[in-house]
Amino acid sequence: MRVLVGCEESQAVTKEFRKLGHEAYSCDLQECSGGHPEWHIQDDVINTIVAPLNNDPWDIVILHPPCTALAVSGNAWYGTGMEKNNEREEAIEWTTSLWNIAKQYALVGVALENPVGVLTHHLGKPQYIQPWQFGHKEQKKTGLWLHNLPELVETDNVYVEMMELPKKERERLHYMSPSADRGKLRSKTYPGIAKAIACQWGLTQLEK
C-alpha cells in the first residue's frame, strides 16, 4: 500500500510501514530527522494529500498535527478569553479541514493522533491509548480518531511494572526540562505504538 504519515519528521511510523514492504512516506514542513530523506516529502501535508507523489493516490493517511494550541494542558494560554485563544481557533479550523480532506482523498482509511484536548468537540470521541499498552513504562494519554481503520489492540501491557516506577519516570515527557527541542521530543511516536500501527493497520488492510 501507499502510506502517507503527515506532520512526521521523525519517520517513526514511516519506517515501520517500510519494514513490512509498504511504500510509505513521511511529510512535514521540517526536514526529517529519521535518517531517510528519500522517504520524506518536505511540503504542506494538505498539498501532499491532494496532489500525491507521482499522482498516485494514498491508501492510508496517518496524521500527527501540531497539538500545542489544541491540548487541554494549554488552556491557561489558549482557552476561551485567554490571550492566545485565536491561535486555538485557527488550529481547530486547520486540523478539522485536514481531517476532512484526508477522508476525501485516502482510498482505504485515515487516522489522526492528538493528546487530550479540544478536538473531541469537533471530530467526536477518539480511541484513547497509552504507551504502557505497547511495552513502554510511561504514561501519555493519546487520542486516535479513525476513519475506516480498526482500533489499535494493545500488544504488551506493562502497566503493573510501570506503576512501580517514580512518577517522574512514568511521566517523563511531562517533566522534561525546557529546551529548544522539547516540543519535537514530546511529539515523537513511541516505537511500540509505531510498530502496532504498521502491523495492525497495514496487514489488516492487506488481508482485505
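For each of K168, K188, count neighbouring Cβ atoms within 10 Å of the residue's Cβ, then give the residues from fewest to most. Each step should come with its number before you reach the end.
Values: K168 9, K188 17.
Sorted ascending by nearby Cβ count, the order is K168, K188.
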Quiz prompt | Karplus 3J(HN,Hα) series, Hz, for region 124-136 with 6.51 cos²θ - 1.76 cosθ + 1.60 (x for Gly, Pro) | solution = x, 7, x, 7, 9, 10, 10, x, 5, 7, 10, x, 10
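Checking the table K140/K167; K15/K137; K15/K195; K84/K141; K19/K137; K137/K168 against a 19 Å threshold on Cα-Cα, which pairs fail? Can you show the working numbers first?
Numbers: K140/K167 12 Å; K15/K137 22 Å; K15/K195 9 Å; K84/K141 24 Å; K19/K137 25 Å; K137/K168 11 Å.
Listed pairs above 19 Å: K15/K137; K84/K141; K19/K137.
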Quiz item: Which one of I62, H136, A106 has its Cα pushed farthest toward the positive end of the charge dipole of region 43-175, where Lys and Arg give +1 and Asp and Glu give -1 at the Cβ?
Solution: H136
Self-check item: Volume per residue of the C-alpha convex hull in the chain, rounded to whole Å³
Solution: 125 Å³
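How would C27, C7, C199 line up from fewest to most surrounding beta-carbon atoms within 10 angstrom?
Ranked by crowding around the Cβ, least crowded first: C199, C7, C27.
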Quiz item: What ³J(HN,Hα) values, in whole Hz, does the Karplus curve 6.51 cos²θ - 1.76 cosθ + 1.60 give for region 96-104 when θ = phi - 60°, with x put for Gly and Pro?
Solution: 5, 5, 4, 4, 5, 5, 4, 5, 6
Quiz prompt | Computed [θ] at 222 nm, helices only, for the chain once each DSSP H run of length n ≥ 4 contributes -39500 (n - 2.57) | solution = -8000 deg cm²/dmol
Practice problem: Name the long-range amide H neighbours of T142: under 5 Å, sequence gap of 5 or more, or other chain; modelled H, no Pro or chain starts. | Solution: I129
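Give me the number: length gained by fully extending E89 to N54, i.e. 0.36 nm times residue separation minus the C-alpha to C-alpha distance, one decimal in nm. Can you show the working numbers first?
On the way: separation 35, 0.36 × 35 = 12.60 nm, distance 3.40 nm.
Full extension of this stretch gives 9.2 nm more.
Laboratory data are not the source of any read-out in this text; all were calculated from the coordinates shown. Just so you know, these numbers come straight off a predicted model, no measurement behind them. Reconstructed Cβ throughout: ideal geometry from the backbone, glycine too, with neighbour counts over all protein chains shown.
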